[in-house]
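The structure under discussion appears below in the form of structure tokens.
Rule-based calculations on the coordinates, nothing more; no lab input. Only a predicted model underlies this, so the values are computations on that prediction, with no experimental measurement involved. As a convention, Cβ positions derive from the backbone with ideal geometry for all residues, glycine included, and neighbour counts pool all protein chains shown.
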Amino acid sequence: MEANLSLVPAIIDKYKAQKKALIAILQEIQETYNYLPEEALRLVSKKLGIPLIDVVSVATFYRAFSLKPKGRHQITVCLGTACHVRGGPKVLEEFERKLGIKAGETTPDKKFTLETVNCLGCCAIGPVVVADGNYHAHMTIRKVSRILKPLSKRE
Ligand code: FES
């Protein structure tokens, strides 16, 4: 489904369509829509006078940006070496099984996006999972439901 992009022009105007505000504008669009819709990037390119290819390369360079729609809840499983040897892959498999999606995918109801990362910089407490910005240490398969249940109830 195409996103309703009616809020994009106001975001661009807020920054007076200045070229130097490109990242701030993309950040705000990402926060508003949970991803960067292609049409929004075209509009940003046109209004800021920056070639679309340059807008897209900024959008793909930063991990915080996504060109695909994301779920309302983000689950990130660390698969860096330390987390890997402590059972990270099994934890990931359990999330995949419970959500019915693979890493890198979003559930059809757009509720959850499941991703992996290579080290979050806190290896001592691995395996680590980040759910909506909250860090969960020493993850086990049994803790997966405990993370998903409260999030499933929330919108
Ligand atoms: S390997 Fe997972 S936090 Fe470093």
Worksheet, complete the sentence: In the stretch 1-37, residues that are farther than 23 Å from E155 by Cα and of a type in the set (G, A, S) total 4
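Results for (1) more than 16 Å from the ligand (Cβ to nearest atom); (2) under 16 Å from the mean Cα position of the chain (by Cα); (3) among the polar types (S, T, N, Q), shown as yes or no for each residue.
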{"site": "C83", "(1), (2), (3)": "no, no, no"}
{"site": "K98", "(1), (2), (3)": "yes, no, no"}
{"site": "K110", "(1), (2), (3)": "yes, yes, no"}
{"site": "P127", "(1), (2), (3)": "no, no, no"}
{"site": "Y135", "(1), (2), (3)": "no, yes, no"}
{"site": "R142", "(1), (2), (3)": "yes, no, no"}
{"site": "S145", "(1), (2), (3)": "yes, no, yes"}
